[in-house]
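Bear in mind that the values in this text are calculations on the coordinates, not laboratory data. Just so we're clear, the structure is a prediction, and the values are computed from it rather than from any experiment. Please note: Cβ atoms are built from the backbone with ideal geometry, for glycine as well, and neighbour counts cover all protein chains shown.
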Amino acid sequence: MQLTSFRVCNYRSILDSGWVDVSDITVVVGKNESGKTSLLKALHKFNPFKAEAYSIDREWPRGHRKERSTDAIVVEIKFSFTDEEKKLLAAAGEVAGGVEGVQISKTYKGDQHFAFLPNDLPNQHDSRAVEESVTKAVSESNDASPQLIAAMQNVQQQVSDALQRGGVQDFSTHVAAFQQVVDQGVKADQPSDQPAVQKFKHVLTSLHQKAAAPPPKTAAVEIVKKLIPVFIYMDDHRPFSGVAHLNQIKQRKDQNQLTDEDKTVLTIFTMASISFDEEHARASAADKEQRMLDMNDASLTLTSLIAHHWSQRKYVVRFEADGEHVIAFVSDEVQPSLVPLNERSKGFQWFFSFDMTFMHETRGTFKNSIILLDEPGLHLHAAAQRDLLLRMKEYAKGNQLVYTTHMPFMIDMQRLDNIRVCVENKEAGAKVTADFYAADEDARFPLQAALGLSMSQSLFVGQFNLVVEGIVDFWFLSAISAILRDGGKPSLDERVVITPSGGATKAAYVGTMLQAQKLSVVVLLDSDPEGRKVAEGLIKQWILKDRHVLLLGDALGRREDTAIEDLFSLDFYLGYVNSAYGRELGGNPITAKEVSGQHALLVADRIDAVLAARSLPKNSDGVAFNKGRPAKLMLREWAGKSLSDFPANTFQGFERLFEAVNKAMPSLGGSDRK
């Protein structure tokens, strides 16, 4: 099953986290003591690898003793089913055919409650279905003798009475009596009634067997219980210093008293294809040749495994064994001499042990599990933390990961969609939100820092910055502003730098980061639901003033949804779309009538619907129309052209937009920024 969202309530500093959507990798960002660890620990106890009950005495929120109850829900989780799992659920009955997922809650007492999605399954057998089956069987026996039909109708009435009296269970209790009534309705001189009798009794028997089986929801719950992923919590690795004494490990292993480091040693041996028991036996053997071969082979195996995991240097691992004493040495191209692992940096020791543990466990114990990591990479410097992020993407191929951090380098700037912010609230308890702008300054800091580091490597900024959603916006605004400026028309002030961000939410991140650097910022957003939501959040949280957040439609005086493509006339824009998609359209261009007939509000969405209807393939984002294709064609054809080369009023909407941006930009006219 795939974890899609979860919610934590009544646990330590969390009264109600709110629903937290998750993906393959989800990162919860927040300052220390904001509730991140509590979130993971509550989630972990939902279905831990090793049984661990909730403790109401230790974990119930302080100051809320009156509400304390063992029946209180601690965690609610929503899962979606794979196609294979849906097939398994079909065994619960036909009604389970439409099930897409399940919501499971767990209380302090440990009780679990299940609700199937989108519609819950019945918790008892359907009386109406039983009555309808019996009625149908009677109606299909119209060729029987009058005496038999009368007996069947008698049974039909008795079945109806039983169902009203006690449901399917009452019906099932009296099935034998119903069949006896049917038998008594057959006369000796009517042997031709026997087929009808047997058919009717078979219906009763089948209904009885279905009634004896668990109800659909009960059956489905039993199936789902076996599918629930295990939750594994790790707040630190099991470090390996590089030195192992086999006899001591063997003794602790036999006594079932292995230490965390012992477990890591055994894990590393397994990853290196070394049999611990065989190596322990060879420690006292006279013939050392096989042992030397084993150690050499193990060294090559481990070196190959970690070759591309640690980007800072190319490392070589080498095992040496002397009796019960095994040492791991590490060399690299800068320091080719053998150095014991315990003399390497603490960060490398951490990464080596952590990576070995995860490679081992995700192939075995951790496979198809939900892995919860609390502040991974604390011992690593920035470059090594980036290595860890890359490794975590590998781990997530067979598992889902949820991890917490307060460190900028542990945030993947290519996956801003998977960031959740943990916000501390003294009255309402810790909350988790996907709205970056809803967080306080401390909670936003890691994101702002990470974004600043990312932008410093890839974007140009100036004193005056216009943040837009995408690269197509950047292309159009830059090119059209230059054309209008050369034609003596209103254009974007030359001091303004346009910064594409990659979406409305990212535009909010970029805008707040630039403002934090005391730069003048205007954020320009599409007038669509996402853009309006982001604009409202930026303004409500006092991150940017309302005059510094522009919605395209508002800037142009339009009430309808508006994106950059909507500033062109439909015929003008469609000409470039048909040229860009000429090969796929095969000489059958899209018409304005087709586009106008679509229900979507934005012209790009309407064109996408037309292309999809014409069976053009969709990309990974689920759209058939790539706005970049006509945009690139437009820019190529516009090169060297002046305003007079275009039909009158082609860029009239852009003129109004540039005037609005220039007016909204703080201090652009020389006044103090307010």
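Note the full-extension length gain between GLU289 and GLN147 as 0.36 nm times their separation in residues minus their Cα-Cα distance, in nm to one decimal.
41.7 nm
Run a plain Debye calculation on the range 203-262 (Cα atoms as equal point scatterers, no solvent) and give log10 I(q)/I(0) at q = 0.20, 0.24, 0.26 Å⁻¹, rounded to two decimals, same order as the q list.
-0.88, -0.99, -1.05
Assuming R0 = 45 Å, can you tell me the calculated FRET efficiency for the pair THR218 and HIS308, based on Cβ-Cβ distance, to the nearest 0.05?
Efficiency, rounded to the nearest 0.05: 0.35.
Only Cα pairs under 8 Å and at least 6 apart count here; give the relative contact order of the range 457-664 as a rounded whole percent.
Working: 280 pairs, mean separation 51.6, N = 208.
Taking the mean separation of contacting Cα pairs over the length of the range 457-664, I get 25 percent.
For the range 457-664, place one equal point scatterer on every Cα, skip the solvent, and apply the Debye formula. What is log10 of I(q)/I(0) at q = 0.10, 0.17 Å⁻¹?
-0.44, -1.24
For LYS367, project a label point 7 Å along Cα to C-beta. Then give me every residue of the range 1-44 with its amide nitrogen under 17 Å of that point.
Counting backbone N atoms under 17 Å from the label point, the list is 1.
Once R0 is set to 41 Å, what does the formula 1/(1 + (r/R0)^6) return for the Cβ-Cβ distance between SER275 and LYS226, expressed as a FRET efficiency to the nearest 0.05? Write out the running numbers ahead of the final one.
Working: r = 33 Å, r/R0 = 0.80.
E between SER275 and LYS226, to the nearest 0.05, is 0.80.
Rounded to the nearest 5, what % of the DSSP beta bridges within the chain are antiparallel ones? Please report the intermediate quantities before stating the final value.
On the way: 40 of 70 bridges.
DSSP beta bridges in the chain are roughly 55 percent antiparallel.
Could you give the length gained by full extension between ALA115 and GLU333, i.e. 0.36 nm per residue of separation minus their alpha carbon distance, to one decimal place?
Taking 0.36 nm per residue and subtracting the Cα distance, the gain is 72.7 nm.
If the viscosity is 0.692 mPa s and the temperature 37 °C, what Stokes-Einstein diffusion coefficient in µm²/s follows for the range 560-620 when Rh is the Kirkwood radius over Cα pairs? Don't skip to the end; give the middle numbers.
Working: Rh = 12.0 Å.
Here the translational diffusion coefficient equals 274 µm²/s.
Got a sec to turn the phi values of the range 272-285 into Karplus ³J(HN,Hα) couplings, 6.51 cos²θ - 1.76 cosθ + 1.60 with θ = phi - 60°, whole Hz, x for Gly and Pro?
Values per residue, Gly and Pro as x: 8, 6, 9, 8, 4, 5, 5, 5, 5, 5, 6, 4, 9, 7 Hz.
For GLY553, what is the net charge nearby, where nearby means another residue's Cβ is under 10 Å from its Cβ and Lys, Arg count +1, Asp, Glu -1?
So the surrounding residues net to -3.
Which three numbers, in whole Å and largest first, are the semi-axes of the equivalent ellipsoid of the range 239-365 derived from its Cα gyration tensor as √(5λ)?
Listed largest to smallest, the semi-axes of the range 239-365 are 23, 18, 13 Å.
In the chain, with Lys and Arg counted as +1 and Asp and Glu as -1 at Cβ, which of these residues, ILE232, VAL27, LEU266, has the Cα nearest the positive end of the dipole, that is, farthest along it?
VAL27
Charges only on Cβ, +1 for Lys and Arg, -1 for Asp and Glu: so what's the dipole of the chain about the Cα centre, in debye to the nearest 20?
Computed charge dipole of the chain: roughly 1020 debye.
Check cross-link reach from LYS109 to the aspartates and glutamates: straight Cα distance under 20 Å, and skip same-chain residues fewer than eight apart.
LYS109 reaches ASP16, GLU52, ASP57, GLU59, GLU67, ASP71, GLU76, GLU222.
How big is the range 28-183 by Rg and Dmax over its Cα atoms, in Å?
Every Cα atom of the range 28-183 included, Rg and Dmax give 25.2, 83 Å.
Quick one: Cα convex hull volume of the range 172-307, Å³ per residue?
Here the figure is 301 Å³ per residue.
Would you calculate the convex hull of the Cα atoms in the chain and tell me its volume per residue in Å³?
285 Å³
Hand me the tally of lysine pairs in the range 239-365: alpha carbons under 29 angstrom apart, and the pair either on different chains or 8 or more positions apart.
Summing the qualifying lysine pairs gives 10.
Taking a 18 Å limit on the Cα-Cα distance, which of the listed pairs LYS41/LYS106; LYS66/LYS431; LYS45/LYS225 fall beyond it?
The answer is LYS66/LYS431.
In debye, nearest 20, what is the charge dipole magnitude of the range 127-213 about its Cα centre with +1 on Lys and Arg Cβ and -1 on Asp and Glu Cβ, if you could check? Please list the in-between numbers first.
Working: 7 positive and 9 negative charges, 43 e Å.
Roughly 200 debye, rounded to the nearest 20.
If I require 24 Å or longer along the helix axis, counting alpha carbons, and a Kyte-Doolittle average no lower than -1.0, what helices from the chain are left? Use full DSSP H segments.
146-173, 194-212, 289-306, 441-458
What is the antiparallel percent of DSSP beta bridges lying wholly in the range 457-664, to the nearest 5? Working shown, then result.
Values: 1 of 13 bridges.
DSSP beta bridges in the range 457-664 are roughly 10 percent antiparallel.
Can you tell me the convex hull volume per residue for the range 127-213, based on C-alpha atoms, in Å³ to the nearest whole number? Please list the in-between numbers first.
Working: hull volume 6.2 nm³, N = 87.
Spelled out: Cα convex hull of the range 127-213, divided by residues, is 71 Å³.
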